[in-house]
Structure formats: C-alpha cells, structure tokens
C-alpha cells in the first residue's frame with residue numbers, strides 16, 4: 001500500500017490496463033482471404049504474361065528460322081518450279097521403295113516434314129520431300145481418305161535464292177547416299193542452265209552444289225558431268241553406270257575426241273547390261289591405242305582469248321563469252337543473227353546473215 005499523505009489518504013493506484021482481445025469476425029476473415037488471393041492471382045498473372053511474352057518471342061524466332069511446322073493441303077503445293085534431283089521419276093513413283101514408304105505412312109503417318117517455299121506466283125513450291133509428297137498423293141488417290149490429303153511441311157523463310165534451293169534439295173539425298181553419280185551430275189547440268197543460279201560453268205557449280213563432299217567424290221561427279229554432256233542424249237540407262245566405269249569412259253572420251261561408233265552402239269542398247277558392255281568395250285579400245293597417237297589426239301581442256309572487249313573461254317562442247325554488255329537488253333533478232341553468223345563460220349558455210 002502506498003504511504004498516506006498529510007491529508008490522511010493515499011494516492012489512488014490505477015489498475016493495470018487490460019488488453020482487449022479482438023478476434024477477426026467472419027466478414028473480416030473473408031475480406032483478408034480475398035485480398036491475399038487477389039495478390040497471389042496478380043503475381044501469377046504477371047508471371048504468366050512474362051512467360052507468354054518469352055514463348056511468343058521464341059516462337060517468332062523459330063518461325064523466322066523455318067523451324068515451325070504447319071499442315072498444308074496437297075492441292076496447295078506445286079512441283080514445277082524446281083527440277084528434281086532424280087532421273088526417271090515415273091520409275092521411282094512405282095518402285096518397291098515407294099510402296100514401302102506408302103505402307104509406313106499408312107500405318108504410322110508422316111514422320112518427316114517436307115519443305116516448301118513461295119514460288120514466283122506466290123503459291124507454295126516443293127523444295128524437299130518429293131517421295132513423301134508423291135506417296136501421300138498416291139494414297140489419297142487410292143483410298144480417298146482425307147487424312148492423306150494434308151501434309152506436314154516446313155516453310156522456307158525469306159528468299160534463299162535458286163542456288164541455295166538446289167543445294168537444299170540435293171543435300172538430304174546426298175547425306176543418305178541415295179543419289180547416283182549420274183543423278184548428281186544431271187542436277188549440275190540443269191542448274192548451270194538455270195539463269196536464276198548465275199553460274200553457267202558446270203565444273204565450278206560442282207564445288208558449290210556439293211561443297212560438303214570429299215574432293216575425290218566431286219571429281220567423280222565432274223567426270224559424269226562431262227559424260228552426260230557428251231553422251232546424255234544416247235545413254236538409255238545412265239543411273240546404271242558405276243562410279244569407276246563412268247570415270248574411265250570420261251577419260252577415254254577426252255582422249256579420243258568424238259566417238260560416233262560408241263554413240264551408234266548406245267542408241268541400240270535395250271538393257272543396262274548392254275549399255276555398260278558397250279561402254280566397257282570403248283574403254284578397252286582406248287587402252288589399246290598407241291601412246292603417241294593417244295597424245296596426238298588428246299585435246300586441250302580449255303583455252304581463253306579476247307576479241308575486243310569480249311573474253312572467250314573455249315572447251316569441249318562449250319564456248320563462253322563474257323562481257324560488260326547486258327546481252328538480255330540486246331534485241332533477240334540481233335543476237336540470233338550474230339549466233340547464226342558464228343555457227344556458219346564454224347561450219348565453213350557461206351553466211352546467210354545479211355551484213
């Protein structure tokens with residue numbers, strides 16, 4: 001007890017304050033839970049938006065790089081802009097290998113996409129996957145099943161140029177060793193004649209189309225390029241010519257020059273075996289030619305000279321003229337008269353072209 005003062009009473013002592021306990025009522029609890037839930041939901045939405053933006057950026061990058069696959073109707077794809085890298089497509093279309101591919105697609109579906117690009121008219125053009133495209137087309141015609149009327153495809157992004165498309169077309173089959181040397185050479189010859197490629201020299205084009213191959217393999221391709229350039233119109237079964245036989249015939253042909261007897265024999269061949277026997281006989285006959293005579297007959301690979309501002313490169317089967325002039329701008333009749341006069345001079349004929 002506190003001590004009393006002179007008035008006889010002590011100061012009143014205050015009771016210790018008591019803490020008032022407040023419990024959250026039902027309404028407060030509901031509001032608090034709603035606020036916490038809203039905060040969590042907002043954080044989740046922010047994270048989801050961030051992830052969506054990241055996914056969209058990754059998708060656009062994949063799309064730009066041609067890594068996005070889409071489905072197209074077969075009828076939306078044309079195959080007439082880029083020549084195929086296979087000889088005798090009709091035979092390939094009815095081969096046992098095509099039937100095996102059709103059976104696989106029928107049972108398991110298309111596993112590998114084709115590749116297409118936008119052609120000059122804006123329509124889709126086939127770049128890679130001719131066999132898959134053909135297999136689905138045949139299945140659709142045979143069964144009428146609409147699932148075979150669509151095809152999984154990758155779209156080329158941007159304009160890669162004609163040469164890059166040729167390279168993409170052959171690359172898949174070259175890696176799989178699915179093309180013969182004759183077919184690889186035929187692609188080179190066709191590409192050299194394609195104005196969009198911009199390289200008319202087949203020898204130079206071999207290195208650009210098949211740059212990833214070993215130099216020895218490129219040498220064999222060049223042998224077949226020469227062989228097809230000289231005999232392609234009379235070779236009934238070019239795919240059946242082996243690597244070594246093609247190289248031997250090419251070398252023998254260069255040593256002997258024109259071989260009309262060989263051309264006559266090839267035109268009469270009814271089978272691949274007959275063709276190859278005729279080629280082998282030509283090679284053996286070339287080996288029997290005396291070395292001095294062979295050296296005398298052997299032509300130069302090529303030579304160059306200038307006529308005014310024109311640079312002329314001459315080789316067997318080709319005369320290339322390089323100039324700063326835009327030959328495409330010269331009227332066609334003028335070019336025709338110049339070429340006609342050139343041919344008349346070569347053949348020793350009186351020129352019929354008016355001067």
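The values are calculated or read from the model by the stated rules, or taken from the named source; none is laboratory data. Since the structure is predicted, the reported quantities are computational estimates derived from the model, not experimental observations. Here the Cβ positions follow ideal geometry from the backbone for every residue, glycine too, while neighbour counts run over all protein chains shown.
Odds and ends about this structure:
- For the range 204-221, the tally of residues that are touching a helix residue (DSSP H, G or I) at 6+ places or on another chain (Cβ under 6 Å) and over 17 Å from residue 167 (Cβ atoms) stands at 1.
- Every residue from the range 113-155 that is surrounded by fewer than 11 Cβ atoms within 10 Å (Cβ to Cβ) and in contact (Cβ under 8 Å) with a residue 24 or more places away in the chain: 120
- Taking the criterion of being outside any loop (DSSP other than H, G, I, E, B), out of contact with any helix residue (DSSP H, G or I) (no Cβ under 8 Å at 6 or more places or on another chain) and surrounded by 12 or more Cβ atoms within 10 Å (Cβ to Cβ), the residues of the range 70-96 that qualify are 70, 72, 76, 78.
- Selection status of residue 192, in contact with a helix residue (DSSP H, G or I) (Cβ under 6 Å, 6 or more places away or on another chain) and either outside the structural domain of residue 81 (by TED's automatic domain parsing) or within 16 Å of residue 85 (Cα to Cα) (or both): yes
- The set of residues in the range 310-322 that are within 14 Å of residue 200 (Cα to Cα) and outside any strand (DSSP E or B) contains only 317.
- Within the range 282-303, the residues that satisfy the criterion of being modelled with pLDDT of 80 or more and surrounded by 13 or more Cβ atoms within 10 Å (Cβ to Cβ) are 282, 283, 285, 286.
- Spans of strands (runs of 3 or more DSSP E) in the range 101-155 with at least 2 residues assigned by TED's automatic domain parsing to the domain that holds residue 87, more than 24 Å from residue 165 (Cα to Cα) and more than 17 Å from the chain's Cα centre (by Cα): none
- Scanning the range 47-97 for residues that are within 20 Å of the chain's Cα centre (by Cα) and farther than 26 Å from residue 187 by Cα yields 62, 63, 64, 65, 67, 68, 69, 70, 71, 72.
- Residues being touching a strand residue (DSSP E or B) at 6+ places or on another chain (Cβ under 9 Å) and assigned to a loop (DSSP other than H, G, I, E, B) are entirely absent from the range 224-233.
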